[in-house]
Amino acid sequence: MLGATRVFARARGRQCGLALRRASSAPAVPGSSLQADPKFVDASRGEGLEIGAADAVVFPDAISQEEHDALVEEILHGASDRAMRKFRKRKYQEDHWDAVIVGYKEIERAMPLWPPALASVLQRMQDFVQRYLEEHVERVNGPLEYLPPHIIDLAADGEIRPHVDSIKFSGEVVAGLSLLSTRTMSLRKGRDDPHAYTKDEPAVDLLLPPRSLYILCNRARFDMGHSVERVDPPERRFSIIFRDAIPIDKENDPSSFLSRHIV
Ligand SMILES: O=C(O)CCC(=O)C(=O)O
C-alpha cells in the first residue's frame, strides 16, 4: 500500500497535462473532519479527460481500523441469516468473455439487517455522501433515496472491467468503502462496450486502500467508465457500495443487482 502511494505521489509530481480541473482546495464537506486527499487521485495519464476536481475523490481514513475489522468480520462470519449463509457459500462468478465483472460475489444488505453498531458506521458514510453531493452536485438540493448498501466480494484474481453504471437504475452517485486490500480504480472515457477499452488509453487512477471511501459524481459518474483492475500479488477485496435510487423500471429483471446496474 505504501509503495502504491509513493508511485502515485511520484506520478502526480510529473509535469504531464493534468486532466482534473484543480480546485482551490481539496473538495470537502463543511462541518466534517473527513478530507479528500488529492494524492490518491492520479491524473498524470489522463490527458484530455475532463473531470471536475470534486467529481472523483478519495477519503483515505473514512472509517477507523476497528470499524474496518468489524465490517470484515461481519461479512466473513457475522449474521447467519439465510441470505448471508448463501452468499458465503456461493462460488465466485466465473469469467465469461462478455462479463463486466469477473471473480466476484455480491449481496445487497439493507441497513436494518446489519448489527446496530455497523449500521451506524454505514449510515454515517451514506450521510456523508449525501452531504458531499449537496455541496458538489448542482442537481442535488435535498435528501436522496438510497439503495441498500451493496457488498461486493472480489476474489484475489477478480476484476471489474470498465463500465458506466446504467442511468436507468441508479442516480447521481457511485460511492464505495474499500476493505481488506488496496486496488486502483481507473476512470476512462465512457462508451458502451467494456471490451473496447485499452489499458494504455488516457485514464485517471484512484488509489483505494482499505478504510477509504471514494465518491464518483458528475462527469466521473455519467461520462467516464470505471474499472477495478487486477493487482499483483493478487488479493481479495471487499467493497460496500452506496448509490441513490431512481424509480425502478418494472420491466427489468430485478434478480441480479449488477445486471441491473451495469450496462
Ligand atoms: O467495487 C467497487 O468499488 C466498484 C464497484 C462498481 O464498479 C460498481 O458497483 O459499479
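Before moving on, here are some points about what is shown:
- Most tightly packed first, judged by the mean number of other beta-carbon atoms within 10 Å of their residues, the peptides 238-245, 108-115 read 238-245, 108-115.
- Extension gain, D61 to A117, is 18.3 nm, computed as 0.36 nm per intervening residue step minus the present C-alpha separation.
- Pairs of C-alpha atoms in the stretch 93-200 farther apart than 20 Å represent 53 percent of all such pairs.
- For peptides 200-207, 171-178, sequence by mean Cβ density within 10 Å, most packed first: 171-178, 200-207
- Between K168 and R230, the modelled labels are 3.1 nm apart [label points 7 Å from Cα along Cα→Cβ].
- Model label sites at R82 and F222, defined 7 Å from Cα along the beta-carbon direction, differ in position by 4.1 nm.
- Normalising the Debye intensity of the stretch 122-256 to I(0), with uniform scatterers on Cα atoms only, and taking log10 at q = 0.20 Å⁻¹ returns -1.34.
- Burial ranking of peptide ranges 155-161, 210-216, 116-122 (average Cβ count within 10 Å, highest at the top): 210-216, 155-161, 116-122
- Residues of type lysines that K91 reaches as a straight line, Cα spacing below 20 Å, ignoring anything fewer than 8 places off in the same chain: K105
Coordinate-derived values only; no laboratory data. Remember, predicted model here, so these are calculated numbers, not experimental data. All Cβ positions, even for glycine, are placed from backbone atoms using ideal geometry, and neighbour counts span all protein chains on display.
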